[in-house]
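Worksheet: the structure to be examined is printed underneath.
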Amino acid sequence: MKKILITGGAGYIGSHTAVELVNAGFEPIILDNFSNSEKSTLSGLEEILGREIICYEEDCNDREAVEKVFKQNQISGVIHFAAYKAVGESTQLPLNYYKNNIDSLLVILECMSKYGVKDLVFSSSCTVYGQPDVLPVTESTPRKDAESPYGNTKKICEDILSDYVKSKASVRIISLRYFNPVGAHPSSALGELPLGTPNNLVPFITQTAVGIREKLTVFGDDYDTEDGSCVRDYIHVMDLADAHVKSLEYLSKQEDHFYDIFNVGTGRGNTVLEVVQTFERVSGKSLNYTIGPRRPGDVVKVWADTSKINNVLGWKAQYSLEDSLRDSWNWQLKLGAVV
Ligand code: UFG
């Protein structure tokens, strides 16, 4: 069974990807320092899979620790999720973000080279597009200057990967540009565990509905969109997980020195108010919300052109926004009103 190292594998997207890797016949090996994840995620994985997954509690920037994992396991590929991801925090602590997100990628690439591991899937983000001039965005839509140090780390990491492949390094790499991940495992054994007050829309909605937060503030209703609120492409985390499996399978058939980029979204945009209304419908709860001022740095609208990933990887989103919000809500009900 091919062993796949998943850095940040106890995190939100990483843990769901571990499930899909097992379902596809791979053996995931998690490396996570639990700085933004919980040990309970490993129990959730065990509940779904009926067995334990190997997990190293190590920091991805700790070269010796990462090397130990490569030395002890015959790794065939890596999915590199581990990174800091809070946009606002990155403007306050830019050096932490550059150091953590860039150094860890370099450690992974160097270990891959030393241990002869060729295949890498990297977590990038639609943040690299900023506010695109033309919608939907394709992979060849020009990237804009990053709005935050976090966004810039994703751009820089993409550039490192492309330069590395151009150097004729013996690797095969895919960057996946995620749109907005939402939802949870349909069993409710896994889901998102935001630390403190959520920045993201869907966990804020579910925490409000369950009584942890008093009300949701919709950041602006005077944008140039259908109902004035911002538009995003909300992608179910299980679909996103499956995109990683498809990427690894595709990489294994490529020649060396391969690099490509894929958008991972549904191809549909939804406004914040549509998300709120859909949530109310699937949960049967009426949500306490108000309209507030715009959030600085917010992109007005972005959604993906998914033709490339549909055609090349044979991947297509299977879950609807209703499915995503139902699964997020069931997960919140399982967590209860505990922060
Ligand atoms: N929103 C609210 N109220 C809230 C939270 C969010 O109205 O309490 C709105 C935002 O203004 C935005 C939409 O909901 O219009 C989605 O916001 P999120 O914070 O959930 O997601 P973003 O699109 O802002 O950010 C996400 C990821 C980032 C990534 C970015 C790329 O969280 O990591 O997409 O565009 F950089």
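The values are calculated or read from the model by the stated rules, or taken from the named source; none is laboratory data. Computed from a prediction, not measured in an experiment: that's the story for all the values here. Using ideal geometry, Cβ is built from the backbone for each residue, glycine included, and neighbour counts are taken over all protein chains shown. All accessible areas refer to the heavy atoms of the entire protein, side chains included, with ligands and DNA or RNA removed. Shrake-Rupley method; radii C 1.70, N 1.55, O 1.52, S 1.80 Å.
Please tell me if residue 240 is away from the ligand (no atom under 11 Å from the Cβ) and under 25 Å from residue 88 (Cα atoms). Yes: the conditions hold for residue 240.
Considering each of 148, 162, 187, 170 in turn, give the residue that is touching an Asp or Glu at 6+ places or on another chain (Cβ under 7 Å) and either outside the structural domain of residue 327 (by TED's automatic domain parsing) or open to solvent by 20 Å² or more (accessible area, probe 1.4 Å) (or both).
Working: 148 fails: touching an Asp or Glu at 6+ places or on another chain (Cβ under 7 Å); 162 fails: touching an Asp or Glu at 6+ places or on another chain (Cβ under 7 Å); 187 fails: touching an Asp or Glu at 6+ places or on another chain (Cβ under 7 Å).
Result: 170 is the single residue among 148, 162, 187, 170 that is touching an Asp or Glu at 6+ places or on another chain (Cβ under 7 Å) and either outside the structural domain of residue 327 (by TED's automatic domain parsing) or open to solvent by 20 Å² or more (accessible area, probe 1.4 Å) (or both).
Looking only at the stretch 103-141, residues that are part of a strand (DSSP E or B), within 13 Å of the ligand (Cβ to nearest atom) and under 17 Å from residue 162 (Cα atoms) come to 3 in all.
For residue 193, state whether it is hydrophobic (A, V, I, L, M, F, W, C) and either out of contact with any strand residue (DSSP E or B) (no Cβ under 7 Å at 6 or more places or on another chain) or open to solvent by 60 Å² or more (accessible area, probe 1.4 Å) (or both). Considered against the rule, which asks whether it is hydrophobic (A, V, I, L, M, F, W, C) and either out of contact with any strand residue (DSSP E or B) (no Cβ under 7 Å at 6 or more places or on another chain) or open to solvent by 60 Å² or more (accessible area, probe 1.4 Å) (or both), residue 193 comes out as yes. Residues in the stretch 38-66 that are open to solvent by 40 Å² or more (accessible area, probe 1.4 Å), over 16 Å from residue 28 (Cα atoms) and not basic (Lys, Arg): 38, 40, 59, 61, 62, 64.
Scanning the stretch 69-95 for residues that are exposed (fewer than 15 other Cβ atoms within 10 Å of the Cβ) and either more than 24 Å from residue 193 (Cβ to Cβ) or in contact with an Asp or Glu (Cβ under 8 Å, 6 or more places away or on another chain) (or both) yields 71, 72, 74, 95. The residues of the stretch 38-92 that are within 16 Å of the ligand (Cβ to nearest atom) and in a helix (DSSP H, G or I), listed by number, are 87, 88, 89, 90, 91, 92.
Working only within the stretch 214-236, note down all residues that are under 18 Å from residue 332 (Cβ atoms) and within 9 Å of the ligand (Cβ to nearest atom).
So the first thing to find is which residues in the stretch 214-236 are under 18 Å from residue 332 (Cβ atoms), and the list is 214-216, 234, 236.
216, 234 - these are the residues of the stretch 214-236 that are under 18 Å from residue 332 (Cβ atoms) and within 9 Å of the ligand (Cβ to nearest atom).
In the condition set (1) polar (S, T, N, Q); (2) touching a Ser or Thr at 6+ places or on another chain (Cβ under 8 Å); (3) surrounded by fewer than 18 Cβ atoms within 10 Å (Cβ to Cβ), residue 101 is compliant with all but (3). For the structure I just gave you, tell me whether residue 156 is within 15 Å of the ligand (Cβ to nearest atom) and surrounded by fewer than 21 Cβ atoms within 10 Å (Cβ to Cβ). So residue 156 passes the test. Any residue at all in the stretch 121-140 that is under 18 Å from residue 13 (Cβ atoms) and among the aliphatic types (A, V, I, L, M)? Yes, the conditions are met somewhere in the stretch 121-140.
For the stretch 177-200, filtering for residues that are out of contact with any Ser or Thr (no Cβ under 6 Å at 6 or more places or on another chain) and outside any loop (DSSP other than H, G, I, E, B) leaves 2.
I'd like to check something: does the stretch 69-90 contain any residue that is farther than 21 Å from residue 244 by Cα, in contact with a Phe, Trp or Tyr (Cβ under 6 Å, 6 or more places away or on another chain) and either without any contact (Cβ under 8 Å) to a residue 60 or more places away in the chain or not assigned by TED's automatic domain parsing to the domain that holds residue 260 (or both)? Taking every residue of the stretch 69-90 in turn, none turns out to be farther than 21 Å from residue 244 by Cα, in contact with a Phe, Trp or Tyr (Cβ under 6 Å, 6 or more places away or on another chain) and either without any contact (Cβ under 8 Å) to a residue 60 or more places away in the chain or not assigned by TED's automatic domain parsing to the domain that holds residue 260 (or both).
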